[in-house]
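Presented below is the structure to which this report refers.
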Amino acid sequence: MRLLSCLDRCALLGFDLWEFSLSSFFRRYGWVFLFRIVFKHPLRTFSGLLKYTRWRRGVRDHDEVLRLGASSEVGKGWLVGLGFCMKPLDCPSGRFNHDCALLSSGEAKEPCIGCRIGEVGMRALKCGADVYIMTSSEDVVYHMFVPMLEGRYRNVLLFLCPYTSKVMALPLLICGVGGMIVRYCSGYCKDYRDFLRADRGEKPEQTDISPSSEEMVERWLGG
Ligand code: SF4
């Protein structure tokens, strides 16, 4: 693991996702990604890799928002993806799933007051975007990347931890999707071990974004 982190720090061959990529070979979601994305679309994968090596040079560790192309208002054809870890621990819909009772039925219970998923999700739906609550990496491949490759979404607004934000940027570039990735400022996964636990639903912390990111999100959602 240390050697792989070292490769990431020195960005061998212009690539800084060695630890995540090589560790993923031993995981089911890694194989799903290889068979559903890489082997099916080798040219797009190669072109996405080249784009990624250029794009990553403009990313700073402290950036709260990563942009894939110019930012713009969220609307039809957009996918707004929120992490399940943004749900409060007592979410009435449960935590490690794609459900939100408020978004599906409009029924608000006490934990929904001030819940970021409810706030952002309701506004995104009003803008005409689709809303998806992200759980495991395998589900993300099937529910997000595959539809993107089929042309269903051209833009995304995603909420992710700093560790996975760059990891997610690569498949988005392979899929030819633009948009914005907002990084959590609290409660986030710090390394691959944390990521693996969260990928199984073991995430006792609630994540959130900073007040400055919140202002930007409001603007993009037509606030
Ligand atoms: S608004 Fe938040 S707390 Fe309420 S059901 Fe949706 S995710 Fe759970």
Amide H neighbours of L68 at under 5 Å, excluding residues fewer than 5 places away on the same chain, with H built from the backbone geometry, are G179, M180, I181
In deg cm²/dmol and to the nearest 500, what is the mean residue ellipticity at 222 nm of the chain if only DSSP H runs of at least 4 residues count, each as -39500 (n - 2.57), divided by the residue total?
-11500 deg cm²/dmol
If the reach is capped at under 13 angstrom between alpha carbons, list the aspartates and glutamates near K76, excluding any in the same chain fewer than eight residues apart.
D130
Estimate the FRET efficiency between L34 and R154 by the formula 1/(1 + (r/R0)^6), using the beta-carbon distance for r and 30 Å for R0, to the nearest 0.05.
0.80
The set of residues whose placed amide H lies less than 5 Å from the amide H of M134, leaving out same-chain residues fewer than 5 positions away, is L82, G83, F84
How far, in nm, would the chain grow between S5 and S212 when pulled straight, counting 0.36 nm per residue and subtracting the alpha carbon separation?
71.5 nm
If exposed means chymotrypsin sites (Phe, Trp or Tyr not before Pro) lying in a DSSP loop and surrounded by at most 10 other beta carbons within 10 Å, then the longest stretch of the chain lacking such sites spans residues 40-223
23 Å Cα-Cα threshold exceeded, pairs from K126/K190; K166/K203; K109/K166
K126/K190; K109/K166
In nm, what is the difference between 0.36 nm times the number of residues separating S23 and D99 and their Cα-Cα distance?
24.4 nm
Phi angles of region 75-84, converted by Karplus (6.51 cos²θ - 1.76 cosθ + 1.60, θ = phi - 60°) into ³J(HN,Hα) in whole Hz with x for Gly and Pro, give x, 4, x, 8, 10, 9, x, 10, x, 4
Here the residues of region 1-19 lying in the modelled label zone of T53, meaning backbone nitrogen under 20 Å from a point 7 Å along Cα-to-Cβ, are 4-19
Using the basic label-point model (7 angstrom from Cα toward the beta carbon), what is the K126 to R60 distance in nanometres?
3.3 nm
What share of the DSSP beta bridges in region 63-220 is antiparallel, in percent to the nearest 5?
25 percent
Averaged per residue, the 1.4 Å probe accessible area of the chain, protein heavy atoms only, in Å², is roughly 50 Å²
Relative contact order (percent, whole number), region 63-220, Cα cutoff 8 Å, 6+ residue spacing
33 percent
Kirkwood-Stokes translational diffusion coefficient of region 63-220, alpha-carbon pairs, 37 °C, 0.692 mPa s, µm²/s
211 µm²/s
I want to check the label-to-label distance for Y142 and E205. Put each point 7 Å from Cα in the C-beta direction and report it in nm to one decimal.
2.9 nm
For the chain, size of Cβ-based charge dipole, Lys and Arg +1, Asp and Glu -1, in debye:
840 debye
Hz values of 3J(HN,Hα) by residue in region 154-164 - Karplus curve (6.51, -1.76, 1.60), Gly and Pro given as x
10, 9, 9, 10, 10, 10, 9, 7, x, 4, 8
Reachable aspartates and glutamates from K51, Cα under 18 Å, same-chain residues fewer than 8 places away excluded?
D8, D16
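The values are calculated or read from the model by the stated rules, or taken from the named source; none is laboratory data. As the structure is a prediction and not an experimental result, all values here were calculated from the model. We place every Cβ from the backbone using ideal geometry, glycine too, and count neighbours over all the protein chains shown. The protein model used for the area step is the full one, side chains on, heavy atoms only, and it has no ligands, DNA or RNA in it. Shrake-Rupley method; radii C 1.70, N 1.55, O 1.52, S 1.80 Å.
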